[in-house]
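Asker: What follows is a structure written as structure tokens; I'll ask about it next.
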């Protein structure tokens, strides 16, 4: 097999990233990188359905919460290993996602977003009220019993490598979508659903398949979050704010590309820690003000995300659009 | 008797919900944009009304004459700076421009006012009228009456004034309205302004009843979405009935099921309506018009 120049560069970057813990023995930076992996996983999973499928969910936190709660409840109440819990949470999230998707996937643009938003609210209410299972608004702590089977570790290095592997999964799936039949179907539906359907694309089925994959990965991220942070709070884990932040990273980085969400996660995480240290913790919401405005500016000025600035393909497209405009004017 | 009490409380509450939703449905009807920042503008209105009371002891109801025009101007500014630029953009830009705006506004409020619950103490906030065995909160009754006046005022404006007719024409057939010389940009701008001005009034009406905090909008905006979808997006009469229905459902389910489950009930209704009747309960008229074309 002959590797292309691009693949070699990507593998080199991966190898360099994988060596970080060997040279960097600083918990603060390792924590930041683990967080980047988590965000990249979540934004990448959102990107599969939203970026490639055009399903703009504003309630992805619901699946994150399903994953976190499933593995944690199984672990705390029945002593089931979170590795199995991760799988169980993922499957449950997939099942719920497909069921919800089956009901709402025909809704257009903002209406689909509204339905997902309402779904996340429903999950919050259930989690807060099913006290017997979830301990309600108190939240659940994950007991600190370090072992591989418990997915709880003393140091950060294990989390680092697990996070790294997890955040690669959506990238591989996105790459696969770009060169496979189902990916072509999905993008055809995103661009023009009626045309795709009339050519025989089973639009609901294709969208549901990608929803199942995306929600599964989001729930896996939920389990990882619960094990790493060791605490779940229903008002945070199902919140619109969290859903927005997941989407924001993918959009700022570049939707519908394999690496856009990763770029978004890296930039936003670095920006966060910079803004926090520059402005002090007294100004709690400042970084969120910046992100909100950044999101507005990006969707208006660079709708394909920051990664598009590095791609010639997009520039060419932009040039073509300019050409169309002059024709209309004449 | 108890049931009558619950129904009356529900209807009064519903009146407030109508006021919260009417601007959202108006904006969607004309601009075809779902304003996800609707709740944040309500939050601004409530803080405005709070500040007027705190600084100059202006009663929230009197403060409407300042807050509503203020929100109108904010609406014009937001239209020119943000909304105008995403009018023909893909869904993702339309949705996330207002989502981003909402995030920025909520966190600005957090920075300026902190997360504290701020409320206005008025002399009438605790007054309860007793008619027979029915007890009615005065502030809620005033809110209901104002909601009715504003809703009918808006209907009158749309029906009888030149601007209102132009707005309706633009909703019904955009191309023809442009052809007969209606300035589309101006219509959009004014509509967005009016939509936000109704929130200025809603904020002032809510202030004696409810404390203000940075995320107050995200609670109310979900109710507004439920109301608007129930009534049919863009349908003003629908929003009026939708608001009253949701008010009733909230107070009935609070009594018969459990107060903690109230929201669950209307979110489930919300998803069911979106799935089963996306045109809303009153949506048949809109659909017939499309067929007639």
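The values are calculated or read from the model by the stated rules, or taken from the named source; none is laboratory data. Here the structure is a predicted model, which means the values were calculated and not measured. So basically every Cβ, Gly included, is an ideal-geometry build from the backbone, and we count neighbours across all protein chains shown.
Asker: Determine whether residue B:64 is closer than 19 Å to residue B:145 by Cβ, touching a helix residue (DSSP H, G or I) at 6+ places or on another chain (Cβ under 6 Å) and touching a residue at least 24 places away in the same chain (Cβ under 8 Å).
Answerer: When the stated conditions are applied, residue B:64 passes them.
Asker: What's the number of the only condition in (1) modelled with pLDDT under 85; (2) crowded, with 22+ Cβ neighbours inside 10 Å; (3) in a helix (DSSP H, G or I) that residue B:255 fails to meet?
Answerer: (2)
Asker: Consider residue B:150 carefully, then state whether it is part of a helix (DSSP H, G or I) and under 30 Å from residue A:111 (Cβ atoms).
Answerer: Taking the combined requirement at face value, the residue satisfies it.
Asker: Within the stretch B:24-51, how many residues turn out to be part of a helix (DSSP H, G or I) and within 22 Å of residue B:89 (Cα to Cα)?
Answerer: 9
Asker: Here is a check on your reading of the model: is residue B:54 more than 25 Å from residue B:208 (Cβ to Cβ), at pLDDT below 90 and in a helix (DSSP H, G or I)?
Answerer: In short, no.
Asker: Considering (1) farther than 21 Å from residue B:268 by Cβ; (2) more than 10 Å from every other protein chain (Cβ to nearest Cβ); (3) out of contact with any strand residue (DSSP E or B) (no Cβ under 7 Å at 6 or more places or on another chain), say which one residue A:98 fails and leave the rest.
Answerer: It fails just one condition, (1).
Asker: While we're looking at this one, here's another question. Touching a helix residue (DSSP H, G or I) at 6+ places or on another chain (Cβ under 7 Å) and within 14 Å of chain B (Cβ to nearest Cβ): which single residue out of A:42, A:58, A:74, A:38 fits that description?
Answerer: A:58
Asker: While we're here: Just to confirm my filter: which helices (runs of 4 or more DSSP H) fall fully inside the stretch A:211-300 and include at least 1 residues that are touching a strand residue (DSSP E or B) at 6+ places or on another chain (Cβ under 8 Å) and closer than 27 Å to residue A:66 by Cβ?
Answerer: Details: elements: A:234-237, A:240-253, A:260-279.
It comes to none.
Asker: May I pose another question? Output yes when any residue across the stretch B:108-117 is more than 14 Å from every other protein chain (Cβ to nearest Cβ), more than 21 Å from the chain's Cα centre (by Cα) and within 24 Å of residue B:208 (Cβ to Cβ), and no when none is.
Answerer: yes
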